[in-house]
Amino acid sequence: MTYAQSQFATLKQTADPDAVDAIARLVEQGADHELNRINVIDFSRQNGLDEERAIATFLHSARLGLFDLGWNVLCPGCGGVLGAHSTLKALKTEDYHCALCACGYKPNVDDQVEVSFTVNPRVRRIAAHDPDTLPVWDYYKQIYWSSGVDFTEESVATLATEVTLETRDLPRGESTTLSLQLPKEFIIVFEPITHAALFIDVQGEPAIEPQDLSIAYGNEPSPTTTISLRPGPLNLTLKNQSNGRALPSVFIAAEALHHLIGQRKPFLTAKRMLSNQTFRDVFKADNLSIDQRLQITSMTFLFTDLKGSTALYERVGDLAAFDLVRAHFHALLEIISAEKGAVVKTIGDAVMATFVRPVHAVNAGLRMRAAMDELNRKRGTDDLIVKIGIHEGPCLAVMLNERQDYFGQTVNIAARVQSLSTAREIHITGPVLDAPAVADVLKQREIRPIQKQAALRGIADKIVVYEIP
Ligand SMILES: [Zn+2]
């Protein structure tokens, strides 16, 4: 049995067998580029797999050393990878700069950090393990652009022919001079390895004599500048003074280029990863570093608390109460995971969980309530009542007490909203009620939310909340 085969056999014990088979097939038969920075969302769609199970299986396979996790900071403009990191810990707090778009960005984990999986070299050696050996367009496709840019054979052909005037593979220390005919367009001379760009605004009367321009590539990225030239002949000298090769390319920044990079497909985001139960379980230690604070624009928090647990212990005795509380936790945790959420922590008889989308938290809340009814029905009592609150908003992902936790007013409000519930009713806030698909879920169950004003402890203003009866 090879190393890979034995690891796949181990993987089958913990992960979804269909997903394991699909991944094993890919490793055995896939083309090299298919094993580089795998887009799990795309992979699960192509193989008819459940997304959550495919994500969980890739995470387990990464833990076993079959794949390497990658956290890539993307440019929201062009979809280029501005920083490729092997751990979320390496994410910088300062701006990431895109030369091609001449723009700087704070890495936003909601939708600008991609999580991808690349086959480990021990399992299979692929060309992208040595990016320097990749032909120029493969470099662009596999290394420069993210797995969220939807390239097809035709679109790559368009990039090579319609969009590009010239491209060179320039070894370290070498230089070359290109003789170009500049069209009256906006031109970008882009180098994807050192992330350097020069914008040329081509305008005015055509030049008769050749114009001259020289660009040198060093190791440090230089800011993107714009110059003006006239249409017509240009001698463009390119010097590679960096420590590696350079792939300078002359692009026409017109419709064809914008169309090409505008073709996107969904990818696995860092936010979704943070709120994934398998990720929390498998990568406990390798998450954030102690001084990191990642800003998240939108996260949904669900808090639960078991009603009158002290009285419950009193009434049924420690042993029976312990079994009941355990059954309640078991049911809640299963529902959270099934609704694509993750448990951040349990505090006594309370649970704090996160969801990427409010509708999943609302579904989870309704299912939790039904699960408690079912547990009570089986026992012929009404001992178990879970009080639930849900809120959505911006927050910080941080490390607290060696656990990846969340910080901010959204979290405080979510906890306070939970405390408004005194029995089976669930409390949610305006942003949750107004979120996509939530109204449909409530309508389907013929639930009419009741609007109220609530004063929350520690929160200055009264806020509008909705009771889900
Ligand atoms: Zn860009």
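Read the figures in this text as sums done on the coordinates, not as results from a lab. Since the model is a prediction, treat every value here as computed from it, not as a measurement. Counting neighbours? That spans all protein chains shown, and the Cβs are built from the backbone with ideal geometry, glycine included.
Grab the other residues whose beta carbon is less than 14 angstrom from that of Phe267, score K and R as +1, D and E as -1, and report the net.
0
In plain terms, the residue of Trp137, Trp145 with the fewest other Cβ atoms within 10 Å comes first and the most crowded comes last, giving Trp137, Trp145. Annotation: lysines with alpha-carbon distance below 20 angstrom to Lys307 (same-chain offsets under eight excluded): Lys345, Lys378, Lys387. Annotation: the antiparallel percentage among DSSP beta bridges lying fully within segment 288-468 is about 90. Which one of Gln29, Tyr105, Ala342 is farthest out on the positive end of the charge dipole of the chain, using unit charges on Cβ (Lys, Arg +1; Asp, Glu -1) and the Cα centre as origin? Checking the options against the dipole of the chain, the answer is Ala342.
Structure note, pairs Lys141/Lys265; Lys340/Lys452; Lys89/Lys271: Cα-Cα distances above 18 angstrom occur for Lys340/Lys452. When you count the other C-beta atoms within 10 angstrom of each residue and take the mean per peptide, 88-100, 438-450, 410-422 line up highest first as 410-422, 88-100, 438-450. Footprinting exposure proxy ranking of Asp349, Asp281, fewest other C-beta atoms within 10 angstrom first, gives Asp281, Asp349. Where in the chain are the DSSP H helices whose C-alpha atoms run 27 Å or more along the long axis and whose mean Kyte hydropathy is at least -1.0? TM-like helix candidates: 318-338, 358-379.
Could you list Leu274, Leu319 so that the one with the fewest beta carbons within 10 Å of its beta carbon is first and the one with the most is last?
Exposure proxy ranking, most exposed first: Leu319, Leu274.
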